[in-house]
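Report on the following structure.
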Amino acid sequence: MGGANGAHVNVTKVPIDTLHQQIFSDLSTGSAQMDAYQTAAWFYGDFFTAKEPYIVELGAIYPPWPRTGLTPACKVGSAPL
């Protein structure tokens, strides 16, 4: 798919019965076949319970940033730091 900004996105359809296996095979081998995943909600726990969790808190990687420059709409519902 090409966007108005010139970006190009390849969308790969994966049957639901092989989706879990393909995602976690890609993550566990580090093959990086995919840059992003749209998963089924019942997979979420598996992202956190692996020997090396695939989803970590951003605070563990990136320091918090000051939210003073955010517009009011972006501050709504934001968790305090």
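Readers should treat all values here as calculations from the given coordinates under stated rules, not as data from a laboratory. Every value quoted in this text rests on a predicted model; they were computed, and no experiment measured them. Positions of Cβ are generated from backbone atoms using ideal geometry, with glycine treated the same way; all protein chains shown enter the neighbour counts.
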Practice problem: Pop the C-beta distance of Tyr62 and Ala32 into the FRET formula with R0 = 22 Å and round what comes out to the nearest 0.05. | Solution: 0.60
Quiz item: Counting pairs of alpha carbon atoms under 8 Å apart in space and at least six apart in sequence, what relative contact order in percent does the chain give?
Solution: 13 percent
Quiz item: Put +1 on the Cβ of each Lys and Arg and -1 on the Cβ of each Asp and Glu in the chain; which of Ser28, Leu70, Ile16 then has its Cα farthest toward the positive end of the dipole?
Solution: Leu70
Quiz item: If you place +1 on the Cβ of every Lys and Arg and -1 on the Cβ of every Asp and Glu, how big does the dipole about the Cα centre of region 16-75 come out, in debye to the nearest 20?
Solution: 360 debye
Quiz item: What are the ³J(HN,Hα) values, in whole Hz, obtained from phi via the Karplus relation 6.51 cos²θ - 1.76 cosθ + 1.60 with θ = phi - 60°, for each residue of region 31-39 in sequence order, with x given for Gly and Pro?
Solution: 6, 6, 5, 10, 8, 8, 10, 10, 9
Exercise. Figure the gain on full extension for Ala50 and Ala73 (residue separation times 0.36 nm, minus the Cα-Cα span) and round it to one decimal in nm.
Key: 4.7 nm
Quiz item: What is the log10 of I(q)/I(0) for region 16-75, computed with the Debye formula using one identical point scatterer on each Cα and no solvent, at q = 0.18, 0.19 Å⁻¹?
Solution: -0.77, -0.81
